[in-house]
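The values are calculated or read from the model by the stated rules, or taken from the named source; none is laboratory data. This is a predicted model, so every value here is computed, not measured. We place every Cβ from the backbone using ideal geometry, glycine too, and count neighbours over all the protein chains shown.
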Amino acid sequence: MRAEQLQDDYERLRPKNARSVGELLADAGEPFDRELNAMLAETRDDLGELPEFTVWMAEALAWARFAKRDSGFFDAAARFVVNGDPELLDEATQYSDRFGDERLRDALAAFGRWFDAMRAPLSSISVEPVRWKALQERSLRVAEGLKRNGELRGVGLWLFPAPFKIMAVAHEEAWSDHALDAVVMPTGTQVERALWELHRDNVIRIDKRILAGSAGTFADEYTNLWALQLPQKQLAEAGGSNVLHINGALHELEDRGRAS
């Protein structure tokens with residue numbers, strides 16, 4: 001319902017420029033993130049004995065609609081990431097959402113391998129966005145290596161920034177830190193579609209020369225993520241907000257129950 005309201009507000013907005021649209025998205029994105037922040041606090045409290053980042057991995061899969069938002073899923077998924085128990089993977093897969101069981105299984109297995117390869121740094125993350133950027137870049141390089149070695153399947157690089165986004169939403173004290181805008185946000189179908197809509201409406205410009213096309217390598221995907229981060233930063237600056245809130249609002253702008 002709120003996604004449809006945001007879409008209606010955008011359609012009625014005049015004039016459409018970076019400032020007006022940035023303010024619209026900022027006004028919509030912050031309440032969305034506050035609502036999600038409250039839900040994340042409950043999940044974190046329920047699974048407090050587990051490494052926090054594993055909880056954000058599970059929440060990221062629910063945010064991306066690989067899985068339903070359910071305490072049973074969060075428990076099984078986060079515990080699987082920690083110990084790799086196949087029975088927990090089977091249990092978590094029962095909560096699949098729009099992409100089906102196999103896609104959820106592949107995504108969760110990928111997160112498990114990723115966490116295992118980065119267990120120490122991902123198990124003790126301080127609430128400092130300036131450090132998140134370096135950790136994210138290191139993590140994505142590790143994920144790229146796993147993909148190259150055939151250890152990850154059925155997932156694209158766009159999903160790997162999602163736990164960092166969820167972590168940022170969960171820590172409201174980080175929202176005012178300008179360093180947060182350097183942390184790459186996930187795109188996925190909804191955010192990409194929203195950005196291209198704004199491009200067509202001449203609100204923002206996406207430099208097509210930056211986009212790496214569909215070669216399918218993680219390096220290409222990372223280039224594309226950065227190319228799409230830049231207009232989000234532009235909207236955040238014009239609207240007096242941050243990339244986190246803009247990213248969430250863009251997701252809502254094009255998320256009206258359509259399949260990806």
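Observations on the model:
- Test result for residue 215, surrounded by fewer than 22 Cβ atoms within 10 Å (Cβ to Cβ), at pLDDT below 70 and assigned to a helix (DSSP H, G or I): no
- Pair list, Cβ < 6 Å and 6+ apart or interchain, from the stretch 68-96 residues that are within 14 Å of residue 50 (Cβ to Cβ) to residues that are assigned to a helix (DSSP H, G or I) and of a type in the set (Val, Ile, Thr): 74/43; 78/54; 78/55; 81/54; 82/54
- Any hit, the stretch 159-172, residues being assigned to a helix (DSSP H, G or I), touching an Asp or Glu at 6+ places or on another chain (Cβ under 7 Å) and either farther than 29 Å from residue 31 by Cα or at pLDDT below 95 (or both): no
- Residues that are assigned to a helix (DSSP H, G or I) and free of Cβ contacts under 8 Å to residues at least 24 places away in the same chain, drawn from the stretch 124-134: 131, 134
- Cβ-Cβ under 6 Å pairs, at least 6 apart or on other chains, the stretch 196-223 side within 14 Å of residue 148 (Cα to Cα), far side modelled with pLDDT of 70 or more and outside any loop (DSSP other than H, G, I, E, B): 218/144; 218/147; 218/157; 221/157
- For residue 36: the one exception among (1) within 18 Å of the chain's Cα centre (by Cα); (2) buried (at least 19 other Cβ atoms within 10 Å of the Cβ); (3) in contact (Cβ under 8 Å) with a residue 60 or more places away in the chain: (2)
- Tally, over the stretch 194-205, of residues that are within 15 Å of residue 251 (Cβ to Cβ) and surrounded by 18 or more Cβ atoms within 10 Å (Cβ to Cβ): 3
- Of the residues 238, 259, the single one that is over 22 Å from residue 148 (Cβ atoms), out of contact with any Leu (no Cβ under 6 Å at 6 or more places or on another chain), surrounded by fewer than 23 Cβ atoms within 10 Å (Cβ to Cβ) and at pLDDT 75 or above is 238.
- Top-ranked residue in the stretch 35-50 [being of a type outside the set (A, V, I, L, M, F, W, C) and touching a Phe, Trp or Tyr at 6+ places or on another chain (Cβ under 8 Å); ranked as farthest from residue 173 (Cα to Cα)]: 46
- Residue in the stretch 1-31 that is nearest to residue 234 (Cα to Cα), counting only those that are surrounded by 18 or more Cβ atoms within 10 Å (Cβ to Cβ) and among the aliphatic types (A, V, I, L, M): 18
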